[in-house]
Amino acid sequence: MAAPGQGEDSDDAMDEFMEKFKKEKYKNAFNESNWEEEFEKVPMFMKTAPESIDPEKHPDLACIQSIIHDDDRTPEEQARGLKDEGNEYFKEKNYKKAVVSYTEGLKKSCMDLELNAILYTNRAAAHFHLGNMRSALNDATAAKKIKPDHIKAIIRGAQCSMELRNYAGVLQWCDEGLKLLPTDKKLQELRATADKLKREADKDARKAKVKAKKERNEKEALLAAIKERGIKLLKTKLSRHRGSDSEDDDGDGGASRGLADLELDGIGPQEATGARVYMDEQGVLHWPVLFLYPEHSQTDFISAFCENSSLMDHLVVMFGEELPPWDTERKYQPQKLQLFFEDPEKGHLYQVDLEKSLLNVLQHQRCFVKAGSPSFIVLVSGSPFSKQFLSGKKVQRSK
């Protein structure tokens with residue numbers, strides 16, 4: 001049933017279109033006084049063709065003639081015609097069609113090197129306006145190769161290099177052009193701008209190199225400090241795939257592999273929590289530490305936990321005078337809390353001595369730092385939830 005409906009819509013549209021001719025005059029239409037003369041200009045309705053075809057008077061006929069007799073023209077004539085066609089498209093800012101015309105002209109492989117250089121240069125200009133800087137630069141280079149003193153190609157090459165931020169390339173193009181034409185203002189301006197930008201880019205590159213070296217030195221110092229303390233970093237699956245087959249980091253490449261593991265575990269980047277372990281001027285480590293409260297599905301996060309501080313120091317602050325809103329029963333008192341870390345390999349829980357420093361806890365042989373952040377499970381001692389949570393689990397007291 002859909003087809004008739006579409007047909008009716010089409011008929012209605014045609015009726016509306018035809019109705020307009022009763023009310024409005026069709027613009028550019030033949031009129032009664034000159035229709036025969038105008039028909040004679042249309043190739044399909046011509047009774048006789050003119051002996052000589054003037055492209056200005058009979059552009060359509062000239063176009064047809066050029067198509068029919070195109071093979072009769074030399075490659076140079078064909079290429080020149082396509083160049084002119086491309087130039088017309090270029091003037092109309094139809095750069096895509098201009099590229100097609102210039103390309104067809106180059107395909108004629110004519111022996112006129114000057115013409116080929118112009119075709120490459122013109123196509124470079126069209127590509128430039130289309131934003132195809134790499135293609136434009138390639139065409140400018142091809143034009144210069146054919147005609148080394150082609151100043152338009154040289155200017156276009158410099159402009160393309162500028163857009164590509166290849167300032168050294170701009171200087172090279174400009175220097176070659178200024179040897180040929182020392183007073184050319186475009187080349188002088190391009191060279192001055194490129195020289196300034198190159199100096200700035202070189203300065204920024206030097207700064208970035210110094211900064212990268214400083215950051216790497218800091219990471220290596222951090223890694224050395226962690227290893228020196230005997231703190232173990234849990235390797236993720238990702239780091240295992242990328243790292244060495246060896247489990248240890250001994251050997252010449254040990255520092256590099258260990259540093260990669262740090263980055264993969266989240267100590268290097270700050271994506272997960274926005275914080276990472278760092279070493280202060282006194283050589284003390286500060287860790288981002290996560291506290292988990294499974295009974296209430298809540299967490300706490302300390303972005304910089306000093307390794308010399310005890311867990312109780314922070315619990316007193318966290319559960320001091322003002323308790324968290326989710327602790328409606330007011331049972332999370334520092335002296336009633338138990339903290340555990342989990343052995344990721346065996347699944348055992350180790351109860352932590354709250355008076356010990358964070359460093360001391362992290363140095364435990366079964367404590368591993370995962371994703372760059374130590375984490376602890378917090379339970380209320382003797383609570384029903386604590387008993388249920390710990391049932392069936394192997395719990396040991398850390399020493």
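Accessible area ranking (1.4 Å probe, heavy atoms, ligands and nucleic acids excluded), largest first, for V316, V284: V316, V284. Can you find, among L178, A224, A168, the residue farthest towards the positive end of the dipole of segment 166-239? Put +1 on the C-beta of Lys and Arg, -1 on that of Asp and Glu. Towards the positive end, the residue furthest out is A224. In order along segment 344-351, phi translates into HN-Hα couplings of x, 7, 9, x, 7, 9, 10, 6 Hz, rounded to whole numbers, per the Karplus curve 6.51 cos²θ - 1.76 cosθ + 1.60 with θ = phi - 60° and x for Gly and Pro. Using a simple spin-label model with pseudo-atoms 7 Å out from Cα toward Cβ, S383 and D300 lie 1.2 nm apart. On the basis of the beta-carbon distance and an R0 of 51 Å, K145 and S375 show a calculated FRET efficiency of 0.20.
Only Lys, Arg, Asp and Glu carry charge here, each on its Cβ (+1 for the first two, -1 for the last two); on that basis segment 284-399 has a dipole of about 540 debye about its Cα centre. Between K41 and K207, the modelled label-to-label distance comes to 6.5 nm, taking each label 7 Å out from Cα in the direction of the beta carbon.
Between M279 and R134, what FRET efficiency comes out of the Förster formula 1/(1 + (r/R0)^6) with R0 = 41 Å and r the beta carbon distance, rounded to 0.05? Each step should come with its number before you reach the end.
Working: r = 46 Å, r/R0 = 1.11.
Computed FRET efficiency for R134 and M279: 0.35.
Note that segment 111-119 has calculated 3J(HN,Hα) couplings of 8, 7, 5, 4, 5, 5, 5, 5, 4 Hz, one per residue in order, obtained from phi through the Karplus relation 6.51 cos²θ - 1.76 cosθ + 1.60 (θ = phi - 60°); glycine and proline are x. Close amide-amide hydrogen proximity is noted between V369 and K232, L233, L234, each under 5 Å apart and 5 or more residues distant or on a separate chain (H modeled in the peptide plane; Pro and chain starts excluded).
Rolling a 1.4 Å probe over the protein chains gives E345 an accessible area of about 130 Å². Counting lysine pairs in segment 78-146 that sit 8 or more residues apart in sequence, or on different chains, and whose Cα atoms lie under 22 Å apart gives 16.
Share of segment 73-129's accessible area from carbon and sulfur, percent, 1.4 Å? Provide the component values of the computation, followed by the final result.
Numbers: 1590 of 3060 Å².
Roughly 52 percent, rounded to a whole number.
Remark: accessible surface ordering of Y278, Y332 (largest first) is Y278, Y332, probe radius 1.4 Å.
Placing pseudo-labels 7 Å out from each Cα toward the beta carbon at S357 and K93 gives an inter-label distance of 7.2 nm. In a simple Cβ point-charge model (Lys, Arg +1; Asp, Glu -1; nothing else charged), segment 134-206 has a dipole of about 60 debye relative to its Cα centre. Once the C-beta distance of D112 and E163 is scaled by a Förster radius of 41 Å, the resulting FRET efficiency is 0.85 to the nearest 0.05. Residue separation times 0.36 nm, minus the C-alpha to C-alpha distance between K179 and K394: what's the value? Residue separation times 0.36 nm, minus the Cα-Cα distance, leaves 69.0 nm. Our coupling estimate for segment 219-228, obtained by passing each phi through the Karplus curve with A = 6.51, B = -1.76, C = 1.60 and θ = phi - 60°, is 5, 5, 5, 5, 4, 4, 5, 5, 5, 4 Hz, Gly and Pro reported as x.
The values are calculated or read from the model by the stated rules, or taken from the named source; none is laboratory data. If you're wondering where the values come from, they're calculated on a predicted model, not measured in any experiment. So basically every Cβ, Gly included, is an ideal-geometry build from the backbone, and we count neighbours across all protein chains shown. These area figures cover heavy atoms from the full protein model, side chains too; ligands, DNA and RNA do not enter into them. Shrake-Rupley method; radii C 1.70, N 1.55, O 1.52, S 1.80 Å.
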